[in-house]
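> Pasting a structure here, questions to come.
The values are calculated or read from the model by the stated rules, or taken from the named source; none is laboratory data. Note that the structure is a prediction, hence the values are computed from the model and not measured. Using ideal geometry, Cβ is built from the backbone for each residue, glycine included, and neighbour counts are taken over all protein chains shown.
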Amino acid sequence: MKWVTCAGLVLIGGCLHPKPMAPGAESTADRIVITQEMIERSGGLTAWDVLKKEAPQLTYRENAHGQPSRLERRGQSSMVLNDAPMVYEDGTRLTDFRSLQQIMASTLRRIEILNAIEGTTRYGTDAEGGVILLFTKNNTGN
């Protein structure tokens, strides 16, 4: 839990892990779901490739060698905030969004993308750029 005192008020913030949507569930305004069928249809080799084809809500940039260099939500951004979404694979936070290029699409069962409001509600202020949740076929917990 984080305790923050602000003008005499104490605010408590915590992290909740969202319950994943049921397979086949529809995307909502707070959450976008990319199903296994969509992953397979995309023809992407990596999680990065799949997201580029199936999640136009994000902006993708690559360097001259085709490696991920920037990932951010579309729309107005801030110079102060980090717009790159947090990335979790089977509940474990990945240190960098560039790891998405190392995860083979064939291992993924589902990808969920949380918007900034849902992300910060569930994962704290580090998630102001949203959250990408990867669920692999090997993880039977979700």
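> Looking only at residues in region 69-90 that are surrounded by 12 or more Cβ atoms within 10 Å (Cβ to Cβ) and either hydroxyl-bearing (Ser, Thr, Tyr) or modelled with pLDDT of 95 or more (or both), which one is farthest from residue 42 (Cα to Cα)? Working first, answer last.
Our first condition is that a residue be surrounded by 12 or more Cβ atoms within 10 Å (Cβ to Cβ); within region 69-90, this holds for 69-73, 77, 81-90.
From what's left, either hydroxyl-bearing (Ser, Thr, Tyr) or modelled with pLDDT of 95 or more (or both): 69, 77, 88-90.
Numbers: 69: 22, 77: 28, 88: 21, 89: 20, 90: 21 Å.
Looking at residues that are surrounded by 12 or more Cβ atoms within 10 Å (Cβ to Cβ) and either hydroxyl-bearing (Ser, Thr, Tyr) or modelled with pLDDT of 95 or more (or both), I get 77.
> Name the single residue, out of those in region 109-126 being crowded, with 22+ Cβ neighbours inside 10 Å and among the hydrophobic types (A, V, I, L, M, F, W, C), that is modelled with the highest pLDDT.
The residue in question is 111.
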